[in-house]
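The values are calculated or read from the model by the stated rules, or taken from the named source; none is laboratory data. Note that the structure is predicted; figures quoted are calculated from it, not measured. Cβ sites come from the backbone with ideal geometry, for glycine too, and all protein chains shown count toward neighbours. In case anyone asks, the SASA skips ligands and DNA or RNA and just uses the protein heavy atoms, side chains included. Shrake-Rupley method; radii C 1.70, N 1.55, O 1.52, S 1.80 Å.
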Amino acid sequence: MITRLRSFRWLAVFVLLLHLVSPLCVQALTIGEERKIGEQLLFSVRRQFPVLDDPDISQYINTLGKKVLASIGPQPFEYRFFVVQSNQFNAFAAPAGLVFFYTGLIEAMGNEDQLVSVLAHEIGHVVSRHLAQRIDKGVKVGALSLIAAIAGLALGVPGLSQGLLTGSLAAGQAANLHYSREDEEQADRLSFGWMQQMGRDPSALEDMLRSMRRITRYSIGGEVPQYLLTHPNPEARLGYVQSLLEMLQQKGAPQHYIKTDNFDFLRFKYRALVQSADLDDLRTYCATSATAGTDKEQQTMARYCLALIAEEDRNYPEALRQLAFVQEQYPQRDILEIDRAVLLMGSGNYDEARRILEQAFKRDPSDVYGAYQLGKIEMMSGNNLRAEQMLARVAMAMPEYPQVYYDLGRLAANSGKERVSGFYLGKYNLYRGKMQMAKQYLLRASKDTGIPDKMRTEAKAILEKLKALEKET
């Protein structure tokens with residue numbers, strides 16, 4: 001409820017600002033205009049909802065997204081995938097390749113193929129430029145109003161956002177930002193084809209649509225989830241996808257799909273849910289799943305969930321016990337060793353945690369999750385130079401991760417480099433969506449000859465970008 005009220009207050013501010021903003025003609029929305037709207041929208045979403053930027057979660061969802069994109073070919077946008085902490089059943093493909101998944105939707109998924117099917121569907125909307133084309137059909141729209149409307153749909157306040165957009169259109173015409181049946185069929189067809197190219201079973205798309213149909217039928221009080229408002233007609237979509245599956249069977253072609261190992265998906269799912277769901281409810285669910293049913297993978301990973309919950313409770317002996325059981329079932333999964341190091345770090349066993357993390361880094365220096373944890377333990381141990389090296393690697397791999405800039409700022413302050421610390425705090429606030437604080441820090445950094453030239457130049461570039469975005473709105 002509190003989050004909902006914040007969204008309404010934020011959109012109300014947009015209403016007031018609309019009177020101060022000159023209209024922008026967005027007929028024939030160009031790639032460049034779409035990029036600018038996407039940038040502004042990302043800042044808006046970060047202001048309103050906690051994005052789960054953890055290296056582990058972000059690394060998984062973006063790696064999966066890149067696997068889908070590999071089947072498509074060159075794109076005009078740099079796609080970025082985000083997990084939003086919200087119990088809404090929602091996903092949203094915003095302009096310029098920004099794709100948001102809500103933890104409420106992830107919770108409803110049972111395996112990785114289902115996640116891939118929805119992810120590919122959202123990419124299909126971006127590739128087809130469905131939103132951009134629907135905006136093209138409008139007349140003159142205030143740029144700020146347009147961003148507010150798209151953000152309203154992404155944030156789950158469709159009625160208010162549609163009202164904002166309606167009020168800003170000439171001649172009282174409203175732009176329809178909801179996908180049409182044709183849009184949905186095209187995105188489903190693309191998703192279906194890309195899954196085949198990836199060797200993934202496209203029947204997972206049918207499974208997700210069955211879930212959506214069930215949710216639509218049994219929505220309490222007629223309150224349809226946000227995803228089904230912007231992605232309508234699950235019944236019709238289900239029939240269309242079933243016809244595609246029937247055509248495959250009629251062709252009689254051999255269908256050899258990858259036997260998907262859901263370890264990575266379930267690990268990702270539980271890590272996201274522990275940060276967003278009610279822990280008591282999740283504990284009950286996972287405890288039941290760990291002992292009931294016949295699916296060994298689901299049972300084992302439910303124990304992983306219990307380890308995460310014990311970690312949240314700071315019950316490290318119990319967390320280590322549950323994790324040890326999971327490691328017995330998955331002895332070749334090196335990432336579980338990083339998880340163990342994190343638990344050892346929390347319990348104060350820094351030496352053993354560092355040993356494990358150093359081994360993990362040698363095995364795979366590109367793993368951002370391991371590098372970040374190694375940076376953290378070096379910082380906690382006072383090894384500032386080594387910590388800075390590790391955290392700098394993380395910042396290069398994940399340039400929009402706020403926490404890494406906070407940690408780099410602390411390191412700089414601990415080393416007596418207060419002015420460098422201010423630069424990092426500017427970036428920390430920038431990616432947390434706190435624009436005014438970010439600008440204050442970055443403005444000082446842009447004029448400070450006492451910090452490295454590279455930082456001063458970057459601070460100036462960020463300020464110029466923010467100024468350009470403000471002009472656009």
Output for segment 190-203, where each listed residue is in contact with a Phe, Trp or Tyr (Cβ under 8 Å, 6 or more places away or on another chain) and in contact (Cβ under 8 Å) with a residue 60 or more places away in the chain: 200, 201, 202
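Residues checked against (1) part of a helix (DSSP H, G or I); (2) open to solvent by less than 50 Å² (accessible area, probe 1.4 Å); (3) in contact with a helix residue (DSSP H, G or I) (Cβ under 8 Å, 6 or more places away or on another chain):
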residue: 405; (1), (2), (3): yes, yes, yes
residue: 408; (1), (2), (3): yes, yes, yes
residue: 416; (1), (2), (3): no, no, no
residue: 438; (1), (2), (3): yes, yes, yes
residue: 451; (1), (2), (3): no, yes, yes
residue: 457; (1), (2), (3): yes, no, no
residue: 470; (1), (2), (3): yes, no, no
message: On the basis of being under 18 Å from the mean Cα position of the chain (by Cα), more than 24 Å from residue 277 (Cα to Cα) and modelled with pLDDT of 50 or more, does residue 60 make the cut?
response: no
query: Can you find even one residue in segment 363-371 that is of a type in the set (Lys, Arg), within 23 Å of residue 408 (Cα to Cα) and open to solvent by 10 Å² or more (accessible area, probe 1.4 Å)?
result: no
message: Condition check: aliphatic (A, V, I, L, M) and more than 23 Å from the chain's Cα centre (by Cα). Does residue 310 satisfy that?
response: yes
field: Hits in segment 366-385 - residues which are over 19 Å from residue 405 (Cβ atoms) and polar (S, T, N, Q)
entry: 366, 381, 383
Unmet criterion (only one of (1) at pLDDT 55 or above; (2) open to solvent by 10 Å² or more (accessible area, probe 1.4 Å)) for residue 137: (1)
- line: Within segment 45-84, of all residues that are charged (D, E, K, R) and assigned to a helix (DSSP H, G or I), the one surrounded by the fewest Cβ atoms within 10 Å (Cβ to Cβ) is 66
statement: Inside segment 254-293, the number of residues satisfying the requirement of being assigned to a loop (DSSP other than H, G, I, E, B), closer than 18 Å to residue 328 by Cα and either free of Cβ contacts under 8 Å to residues at least 40 places away in the same chain or charged (D, E, K, R) (or both) is 1
Flag for residue 42 being at pLDDT 85 or above, closer than 29 Å to residue 265 by Cα and not in a loop (DSSP other than H, G, I, E, B): no
- prompt: How many residues does segment 92-109 contain that are touching a Lys or Arg at 6+ places or on another chain (Cβ under 7 Å), closer than 15 Å to residue 124 by Cβ and assigned to a helix (DSSP H, G or I)?
  reply: 1
- request: Test residue 89 against the stated conditions and say whether it is assigned to a loop (DSSP other than H, G, I, E, B), surrounded by 21 or more Cβ atoms within 10 Å (Cβ to Cβ) and not β-branched (Val, Ile, Thr).
  value: yes
statement: Note: among 395, 353, just one is touching a residue at least 12 places away in the same chain (Cβ under 8 Å), in a helix (DSSP H, G or I), within 26 Å of residue 449 (Cβ to Cβ) and open to solvent by less than 20 Å² (accessible area, probe 1.4 Å), namely 395
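Yes/no matrix, rows are residues, columns are (1) of a type in the set (D, E, K, R); (2) under 23 Å from residue 204 (Cβ atoms); (3) touching a residue at least 60 places away in the same chain (Cβ under 8 Å):
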position: 51; (1), (2), (3): no, no, no
position: 62; (1), (2), (3): no, yes, no
position: 65; (1), (2), (3): no, yes, no
position: 76; (1), (2), (3): no, no, no
position: 84; (1), (2), (3): no, yes, no
position: 88; (1), (2), (3): no, yes, yes
position: 96; (1), (2), (3): no, no, yes
position: 110; (1), (2), (3): no, yes, yes
statement: Note on segment 297-350: residues crowded, with 21+ Cβ neighbours inside 10 Å and part of a loop (DSSP other than H, G, I, E, B) are none
field: Flag if residue 375 is touching a Leu at 6+ places or on another chain (Cβ under 6 Å) and open to solvent by less than 60 Å² (accessible area, probe 1.4 Å)
entry: yes
message: Please verify whether residue 80 is among the charged types (D, E, K, R), within 23 Å of residue 470 (Cα to Cα), at pLDDT below 95 and within 16 Å of the chain's Cα centre (by Cα), treating the condition exactly as stated.
response: yes
query: Has segment 326-344 got any residue that is of a type in the set (Ser, Thr, Tyr) and within 30 Å of residue 443 (Cβ to Cβ)?
result: no
